[in-house]
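What follows is a set of notes on a single structure, which appears directly below.
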Amino acid sequence: MRAITGTDAEEAARRLTAGQLVALPTETVYGLGGNALDAGAVSRIFAAKNRPTFDPLILHQASADRILAYARSVPPAARQLADALWPGPLTLVLPRTDRVPDLVTAGLDTVALRVPAHPLIREVLERVKFPVAAPSANPFGFVSPVTAEHVAEQLAERIDYILDGGPCRVGLESTIVAVPGGTPTVLRKGGTAVETIEAILGQAVEVRTRGSSRPEAPGMLSSHYSPGIPIQLVERLQGAGTQVRAIVRFGGGPAERGPHDYDLSPGGDLAEAARNLFTVLRKLAAGGYTSAAVMLLPDRDLGRAINDRLRRAAH
Ligand code: TXA
Ligand code: MG
């Protein structure tokens, strides 16, 4: 099999309905979609990604009503976040109904739900009646894809169709918030800033970061996002990038920047840095470098999610 790339949402919907695997553009990253209610399709998703089955998947549908039908209960805080942020880069972890196959949730009593914003995936979701399970469309442990080309480079032989929606507008995976009924908890920092979530709820949320005693999202392993070369995180960059040692900066630098000196956002814009992050990590992986020095970003808003990915990349 070799995936065809196209822009036909109807064809994508038809293939999903037939149990095939289709890469889908979302505003965060590209997803590897399959019918979440079809156990065969779900197990093919795990196989295509080499993903361990202890790592549960996110279900996607076009509206809050359609996707929240898979939650057993929806606490008020979850409803508030859904109303304010969907469609958009937010995933809610809620108690699940029996309609969700165990394989999707890795046997957990909760399910991850999301309403994505990209118009093309929304067109697909409007056409299919089932929820679409879609992990990021990369082999397990690698950087998430933010273009159709990224998907094709790594997964073309393992999936049926790639729906090309252009470069992802956000560039970081969705923020995952568990709402068990008590204090909402951020399990993964992502495309919606923690500050935004706290402003909507009018209360502080718990953020389960690496190293905390309780586990975060099961798939958030420290070793993820590695570009395969040693990454040194620095507060301040000295010197220039070279053929062997690249540098990644933020917020501008010397006027003379060589080809091995990357800037996530010369103007110091966190949203732009988020959009560029995974593409730059891919360049570090493919550039023949033996190491890279990478500057951490300001630890606020999307900077927190970006720093989280950089720390994992450096692990
Ligand atoms: O932006 C996104 O969320 C993208 C696009 C395609 O929607 N999807 C994505 O999926 O990033 P994935 O599979 O790469 O990451 C999903 C994360 C994993 O870390 C998984 O462990 C966590 O969500 N997760 C899923 N269900 C969960 C649950 N019931 N409880 C806690 N974590 C859960
Ligand atoms: Mg992923």
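The values are calculated or read from the model by the stated rules, or taken from the named source; none is laboratory data. Keep in mind that what you see is a predicted model, and the values were worked out from it rather than measured. Here the Cβ positions follow ideal geometry from the backbone for every residue, glycine too, while neighbour counts run over all protein chains shown. For the accessible areas, the whole protein counts, side chains as well, though only heavy atoms, and no ligand, DNA or RNA atoms are used. Shrake-Rupley method; radii C 1.70, N 1.55, O 1.52, S 1.80 Å.
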(request) Go ahead and estimate [θ] at 222 nm for the chain from helices alone: -39,500 (n - 2.57) per DSSP H run with n ≥ 4, summed, over the residue count, rounded to 500. (result) -8500 deg cm²/dmol
(request) Quick one: give the max-minus-min coordinate of the C-alpha atoms of the range 79-209 along each principal axis, largest first, in Å. (result) 45, 32, 30
(message) As an exercise, identify the GluC sites (Glu not before Pro) in the range 220-315 lying in DSSP coil whose Cβ has no more than 14 other Cβ atoms within 10 Å.
(response) Glu235, Glu256
(request) List the equivalent ellipsoid semi-axes of the range 119-172 in whole Å, largest first, each obtained as the square root of 5λ for an eigenvalue λ of the Cα gyration tensor. (result) 19, 14, 11
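Below 9 angstrom from the Cβ of Arg127, what's the summed charge of the other residues (Lys, Arg +1; Asp, Glu -1)?
Details: positive: Arg14, Lys129; negative: Glu10, Glu123, Glu126.
Local charge sum for Arg127: -1.
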(message) Over the chain, with a Gaussian network built from C-alpha contacts below 10 Å, which listed residue (Val42, Val111, Val244) shows the highest mean-square fluctuation?
(response) Val244
(request) Could you list the trypsin sites (Lys or Arg not before Pro) in the range 226-293 that lie in coil according to DSSP, counting only those with at most 16 other Cβ atoms within 10 Å of their Cβ? (result) Arg236, Arg257
(message) With every atom except the alpha carbons ignored, what do you get for Rg and Dmax of the range 141-295, in angstroms?
(response) 17.7, 54
(request) For the range 83-114, state which trypsin sites (Lys or Arg not before Pro) are in a DSSP loop and have at most 16 other beta carbons lying within 10 Å of their beta carbon. (result) Arg99
(message) Report the gain in length on full extension from Thr242 to Thr97: 0.36 nm times residue separation, minus Cα-Cα distance, nm rounded to one decimal.
(response) 46.8 nm
(message) Quick check: convex hull of the Cα atoms in the range 1-124, volume per residue, rounded to a whole Å³?
(response) 101 Å³
(message) Using the Karplus curve 6.51 cos²θ - 1.76 cosθ + 1.60 with θ = phi - 60°, what ³J(HN,Hα) values do you get for each residue of the range 308-315, in whole Hz, with x for Gly and Pro?
(response) 4, 5, 5, 5, 5, 4, 8, 5
(request) Note down the nm distance, to one decimal, between modelled labels 7 Å out along Cα→Cβ at Val74 and at Glu256. (result) 6.0 nm
(message) Once neighbouring chains are kept in place and the probe is 1.4 Å, which whole percent of the accessible area of the chain is contributed by carbon and sulfur?
(response) 50 percent
(message) Two decimals, Cα atoms only, Kirkwood Rh: what is Rg/Rh over the range 89-153?
(response) 0.99
(request) Report the semi-axes of the equivalent ellipsoid for the chain in whole Å, largest first, where each axis is √(5λ) for an eigenvalue λ of the Cα gyration tensor. (result) 31, 23, 17
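Semi-axes, largest first, in whole Å: what does sqrt of 5 times each Cα gyration tensor eigenvalue give for the range 236-315?
Working: eigenvalues 71, 43, 22 Å².
Equivalent ellipsoid of the range 236-315: 19, 15, 11 Å, largest first.
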